[in-house]
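A short reminder: the numbers here are calculations on the coordinates, not readings from a lab. What you are looking at is a predicted structure, and each value in this text was computed from that prediction instead of being measured. We place every Cβ from the backbone using ideal geometry, glycine too, and count neighbours over all the protein chains shown.
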Amino acid sequence: AGDAGDEELERGAASGDPEGMVRLGRKLAKEEQGCTRAKSLFQRAADSEHLEGIVRYAQMLEDEGDHGGALRGYREAAGRGSPSAMFFAARLLEADDRSEALTLYERASELGLAPAAVRLTVLTSAET
């Protein structure tokens, strides 16, 4: 069954479907030897403006130390309503732009992202 599922994921990605690219990329990202291909798939999905593809590609950039590239991706996805992208962008911005970070945590929290609410509480209680 795993082989048929893998073949289906490969077909979806090969067809150029951004969702298929993200699904295969998620699977490959869990395997050390699949990370390079996963990044490529996430980038292709991001280039197709697939929201999860943008966030996952930004995460891979952040993991590689490209915080500027990651922040651009997170901001793009945050602007399109992704609470997780708001959270990740805020985390990167805390040291340099606390005001923007707090705004992003607040927006993500309002959209139901519990870790954002926790971080917002921690940061605002530290100010008092």
Looking at the range 56-82 only, could you name the residues that are under 18 Å from Leu113 (Cβ atoms) and not hydrophobic (A, V, I, L, M, F, W, C)? Arg56, Gln59, Glu62, Gly73, Tyr74, Arg75, Glu76, Gly79, Arg80, Gly81, Ser82
Among the listed residues Val22, Val118, identify the single one that is in contact with a helix residue (DSSP H, G or I) (Cβ under 6 Å, 6 or more places away or on another chain) and either on the phi > 0 side of the Ramachandran plot or among the β-branched types (Val, Ile, Thr) (or both). Val22
Identify all residues within the range 21-55 that are among the β-branched types (Val, Ile, Thr) and either within 20 Å of Met86 (Cα to Cα) or crowded, with 21+ Cβ neighbours inside 10 Å (or both); write none if there are none. Val22, Ile54, Val55
Here the residues within the range 10-20 that are surrounded by fewer than 20 Cβ atoms within 10 Å (Cβ to Cβ) and hydrophobic (A, V, I, L, M, F, W, C) are Ala14
Just for the range 94-104: of the residues that are part of a helix (DSSP H, G or I) and over 15 Å from the mean Cα position of the chain (by Cα), which one is surrounded by the most Cβ atoms within 10 Å (Cβ to Cβ)? Ala101
Scanning the range 88-110 residue by residue, those over 18 Å from Gly73 (Cβ atoms), of a type in the set (A, V, I, L, M, F, W, C) and out of contact with any Leu (no Cβ under 8 Å at 6 or more places or on another chain) turn out to be Ala95
Does Ala85 fit the bill of being surrounded by 15 or more Cβ atoms within 10 Å (Cβ to Cβ), under 19 Å from Arg119 (Cα atoms) and within 18 Å of the chain's Cα centre (by Cα)? yes
